[in-house]
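Structure first, then comments.
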Amino acid sequence: NMKNYNIFLDDERYPIFIKDSLGELFPSDWIVVRDYFEFTKFIDQNFDQVNIISFDHDLACYDKDKKEWTGKDAVNYVIDICVNQDKKFPNWYVHTKNTSGRENIISSILNYIKHIENKELNYKYYNNGFINNKAI
């Protein structure tokens, strides 16, 4: 019996506030991941068991050279795995409050799905994610 993980990437919030949006679909526990490096480590170890990832953009995450790592970097990391290992992008949701960050994350994912997975998604500007083949 394989465990399926719901990942909530956010440096400070808890997934309680997306329970309203996703509670029906994902009533089970969320694993809270606080920064880019924790995220990539978890993804490396558990990619095939990932059910959904909910992305924040601003993670207050910097490496020793003061480079900032954001939710968009996390998306790019998942895309790289999908491309290199011929896997499908998991269910996803974007809960960030950063408007331009939200657009960057969503356009990266949609672009990948369109050009690499060759799927046109029926996705509108007010949607926040794509879950079980349906825009949410």
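The values are calculated or read from the model by the stated rules, or taken from the named source; none is laboratory data. All values reported here derive from a predicted model rather than from experimental measurement. Glycine also receives a Cβ, built like all others from the backbone with ideal geometry; neighbour counts cover every protein chain displayed. Each accessible area value is taken on the protein alone, full model and side chains, heavy atoms only, with ligands, DNA and RNA left out. Shrake-Rupley method; radii C 1.70, N 1.55, O 1.52, S 1.80 Å.
A few comments on the model shown:
- Positions within the range 80-136 being crowded, with 19+ Cβ neighbours inside 10 Å, among the aliphatic types (A, V, I, L, M) and free of Cβ contacts under 8 Å to residues at least 40 places away in the same chain, in sequence order: ILE106, ILE109, ILE113
- Residue match in the range 50-59 (condition: open to solvent by 50 Å² or more (accessible area, probe 1.4 Å) and over 11 Å from the mean Cα position of the chain (by Cα)): yes
- Odd one out for LEU25 among (1) at pLDDT below 95; (2) part of a loop (DSSP other than H, G, I, E, B); (3) surrounded by fewer than 16 Cβ atoms within 10 Å (Cβ to Cβ): (3)
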